[in-house]
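What follows is calculated from the coordinates using simple rules that are stated; it is not laboratory data. Bear in mind the structure is a predicted one, so any value in this text is a computation, not a measurement. Neighbour counts are summed over all protein chains in view; Cβ atoms, including those assigned to glycine, are modelled from backbone coordinates with ideal geometry.
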Amino acid sequence: MSQSVSNHPSEHSFVIYDLETTGLDPLGDDLIQIAAVRFCAGEIRADDAFFRFAKPRRSISSFIESYTGIGNRHVAAASCPEDVLCEFSTWAGTSTLIAHNGLRFDSKFLQATSLRCGRETREISCIDSIHISKMLFGSTRGTGHSLDHLKSRLGLAESSLRRHDARGDVDILGRAVAAMVQRLGLDHALTGVRRHESRLPLV
């Protein structure tokens, strides 16, 4: 996978990513898998992607293995989450990060893991793709905005990769974001889409 920092202007370059973790607590749990792809000028750059397993501080539970398909054998030779996130920070560069439910989940894991790295961190701009979904489909109570809801509403084909594996989720999310951006007529900088901040290791 590519390890070069994007040369595109940061306001027009985005990274669509997904994390799989050992649980829901950013302080007590760890990321075990990260997948990402570059999104630029309204298009997914499938040849500019990032993927890593990460070895958590404690063993992966049988529940998480059944949910994600990721077991201890997959991460046995992997780097620790902090080192993996340093690699991701280098690859992502200054691009804005996009994750589904990122505000409540992924961005919190990025920040917590970054703070455990024992090095300086940097602020990174983030977008929760749920906000893009609400711009397109509305936020009326009862309107679902899960990734499966988006796939159905947008008429997206099934991924050839497993759901709840970061690679499969990024495949679907990337296509969903591209379709929503096109339908909304957003510019390449995604002007008008709400941002929030997280942190990555300074590398």
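Quick one: plug the Kirkwood hydrodynamic radius of region 10-201 (C-alpha pairs) into Stokes-Einstein at 20 °C, 1.002 mPa s, and report D in µm²/s. D, rounded to a whole number, is 128 µm²/s. Computed from label points 7 Å out along Cα-Cβ, the spacing between ASP187 and SER61 is 4.7 nm.
Listed by chain and number, the aspartates and glutamates whose C-alpha is less than 16 Å from the C-alpha of LYS55, apart from same-chain residues fewer than 8 away, are GLU20, ASP29, ASP30, GLU65, GLU82, ASP83, GLU87, ASP165. Less than 5 angstrom separates the built amide H of ILE32 from those of GLU20, THR21, THR22, all sequence-distant by 5 or more or on a different chain.
If I take R0 = 35 Å and measure r between the Cβ atoms of ALA157 and GLU120 in this structure, what FRET efficiency does the formula 1/(1 + (r/R0)^6) give, to the nearest 0.05? Using R0 = 35 Å, I get an efficiency of 0.25. Only helices enter this figure: runs of n ≥ 4 DSSP H residues, each worth -39500 (n - 2.57), summed and divided by the residues of the chain, yield -10000 deg cm²/dmol at 222 nm to the nearest 500.
Taken as entire DSSP H runs, the helices of the chain never both span 18 Å or more between Cα atoms along their own long axis and average 1.6 or more on the Kyte-Doolittle scale. Could you tell me the relative contact order of region 10-201? Use alpha-carbon pairs under 8 Å, at least six residues apart, and round to a whole percent. Computed value for region 10-201: 28 percent relative contact order. Here the chain is treated with +1 on each Lys and Arg Cβ and -1 on each Asp and Glu Cβ, and its dipole about the Cα centre works out to around 340 debye.
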